[in-house]
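One structure is given here, and the rest of the page talks about it.
All of the numbers you see were taken from the coordinates with simple rules; none came from a lab. Because the structure is predicted, anything quoted here is derived from the model rather than measured. FYI the Cβ positions are ideal-geometry reconstructions off the backbone, even for glycines, and counts take in every protein chain you see.
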Amino acid sequence: MGSNAKKIPAACLILAGGKGRRLTPDKPLLKINNRTIIERTVHVALPLFEEVLLVTNTPAKYESLRLPVVRDERQGCGPLMGIYSGLRRIKHEVAFVCAADMPFLDEKIIRSQFRELGAFDIVFPCPRKRPEFLHTFYRRQCLPAIRDNLDADIFKIEMLVPRCTTLCLGKDWFVKNGLAERVDRAFTNINTMRDYRRWIEQGSRTPNEAPGSKALTSIVPGVLQEIRQTLIEQETAFQDQSTPETFSSIWSHSSRVARIAHHIAKTEGWQEEPALLAGLLHDLGKFAHGSYHEDDTPEEENAVQFAQRILSGTVYEKWLPIIGEAILSTYLEGKATSDIGRAVYDADCLDKLGNIGVVQFFTKKALRRQFLDDDVMIRTSIELTYAHHAPDTLKTPTGRSLARKRKIMTHAFYAGLLEEWKELGLGEFTIIEEDIAGIVCILVVPGSCSCGGRLERESDIRDSLKCRSVVVNYLCAACGFQSEFSFCLPNVSGLPQRPRETTDGRDGR
């Protein structure tokens, strides 16, 4: 499922109360591919449900998950009491109940199961011989029946079935919905050491995890979710929309930067975890409190403050000095003074180059209601200039190597686009290399004015709010048309420095 898929309007109750007689009482804390079983469960649940609670009588074991905790109202009654206690606490009318020892929950199966809920009180799957009551949706209106059974010391969950309106999703349902091949993995429970060894060997082959996303899955789910939620809420508040639409472009960008920074750090032989975290956190101050540059506080300082709030008290607190230095030195000072700062700087730049950069350029224009026309063609000069200088301005050998290839890719795409534009009779543009105040800029220049007259062009460099900008003015002597086009320059060699109090090294694309 895509990262922008809507959450299920229900709660999720993760039951972590088993005694582990066959394996260990700490079974949810066993690791598969460097992630605990319960972290895997939470990693699926947090982005999938509007509300996630952990039901356990040993909350200290799971503090790092940073989830709301529910204790059994009476101990010794098995999972039925966990379901009862959780249903009494949720804000929603429906809860998906799952066990903490199910490491491979399948989002597609869960969403399909929810769609069957209708007016039923309980919807449970039975893909094999036995029903899976700890992979089931329950309505709060089951509470009286559960309470009666608990009072009568009837602790088996299946004894609720005669007292509630239920739907059983059998093997045929899984086949009909194209889910049969997902069953074995999705309904895996780790009950024996043999089970555990088997899934350690096969754990890396997870259909829900694309190879590029594996780095993110190493982050504690509660921390990752808080970063994601903070970025989305900030951007959505900034957009000030009257509709319930959410905006997640900054989160998407940050998650890519994090993975690229992780890749660079790994290739360079640096610490990977702080690079990953710094990439996730580097833009947390961009729309701080729902505003953009509302006061004089640099967004980088806001980002560090949010990082301290999110990571303090977690296993990642030890990285705060390194992360803070990376964000401030790279962006506020315009200089990457640490290995992690250099990795994040390059990752941020690389996310705007090559084919990914092309896609983002046109996506941003569309979001701003700027569509493919002559003005957008001229503005592709920004992408070409940045791509041209990237191999010389990035700060790591890995980054520069990746940038060289993306420089060629970027130029080839826009050259092809302009050629097609001309062939279709839409207009003629030329890619030129121009020295502006000692700085090479790659400009996309129109062949003539829309009236057919010749366009005169003047260019210079000037200071703007966050950067040194190249400014290009067009003037048509025939019709009097005038147009000014400007963009921030990268930190290229030979660029005159701005006064100290206004220095900022970030690009203004």
Query raised in the report: Over the range 354-502, what is the relative contact order in whole percent, taking alpha-carbon pairs under 8 Å and six or more residues apart?
Result: 19
Query raised in the report: In terms of the ratio Rg/(2.2 N^0.38 Å) built on C-alpha atoms, what value belongs to the chain?
Result: 1.18
Query - Candidate aspartates and glutamates - alpha carbon under 16 Å from Lys422, same-chain residues fewer than 8 apart omitted - result: Asp373, Asp374, Asp375
Query - Tail beyond 14 Å, pair distance distribution of the range 113-190 (Cα, percent) - result: 63
Query raised in the report: Using +1 on the beta carbon of Lys and Arg, -1 on that of Asp and Glu, and nothing else charged, what's the dipole of the range 354-502 about the Cα centre, debye to 20?
Result: 840
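Give the order of Arg369, Arg185, Arg130 when sorted by the count of other beta carbons within 10 angstrom, beginning with the fewest.
Arranged by neighbour count, lowest to highest, Arg369, Arg185, Arg130 become Arg369, Arg130, Arg185.
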Requested in this report: Can you tell me the 0 to 90 degree angle between the C-alpha axis of helix 37-48 and the longest principal axis of the chain, rounded to 10?
Outcome: 60
Query raised in the report: Roughly how tilted is helix 79-89, in degrees to the nearest 10 and between 0 and 90, from the longest Cα axis of the chain?
Result: 50
**Report entry** Entries of Lys108/Lys364; Lys286/Lys352; Lys108/Lys129; Lys7/Lys108 with Cα pairs more than 19 Å apart
**Finding:** Lys108/Lys364; Lys108/Lys129
Report task. Could you work out how far helix 397-423 tilts from the main Cα principal axis of the chain, as a 0 to 90 degree angle to the nearest 10? Result -> 70
Requested in this report: Can you grab the distance from the C-alpha centre of the range 336-364 to the C-alpha centre of the range 81-117, Å, no decimals?
Outcome: 39
Report task. Using +1 at the Cβ of each Lys and Arg and -1 at the Cβ of each Asp and Glu in the range 354-502, identify which of Thr410, Leu455, Ser483 lies farthest towards the dipole's positive end. Result -> Thr410
Report summary line: Rounded to the nearest 5, the percent of DSSP beta bridges in the chain running antiparallel is 65
Requested in this report: Let me know the charge dipole size of the range 335-441 about its Cα centre in debye, to the nearest 20, where only the beta-carbon of Lys, Arg (+1) and Asp, Glu (-1) is charged.
Outcome: 580
Report summary line: Within the chain, the cysteines whose Cβ lies no closer than 4.7 Å to any other cysteine Cβ are Cys12, Cys77, Cys98, Cys126, Cys142, Cys164, Cys168, Cys349, Cys441
Query raised in the report: Rg/Rh for the range 357-429: what does it come to with C-alpha atoms and Rh from Kirkwood?
Result: 1.03
Query - Histogram of C-alpha separations across the range 354-502, 5 Å bin width, % - result: 2, 9, 17, 20, 21, 17, 10, 4, 2, 0, 0
Query raised in the report: If you place +1 on the Cβ of every Lys and Arg, -1 on the Cβ of every Asp and Glu, and leave all else neutral, what size is the dipole of the chain about its Cα centre, to the nearest 20 Debye?
Result: 2560
Report summary line: On each of the three principal axes the extent of the alpha-carbon atoms of the range 8-209, given in whole Å and largest first, is 44, 42, 30
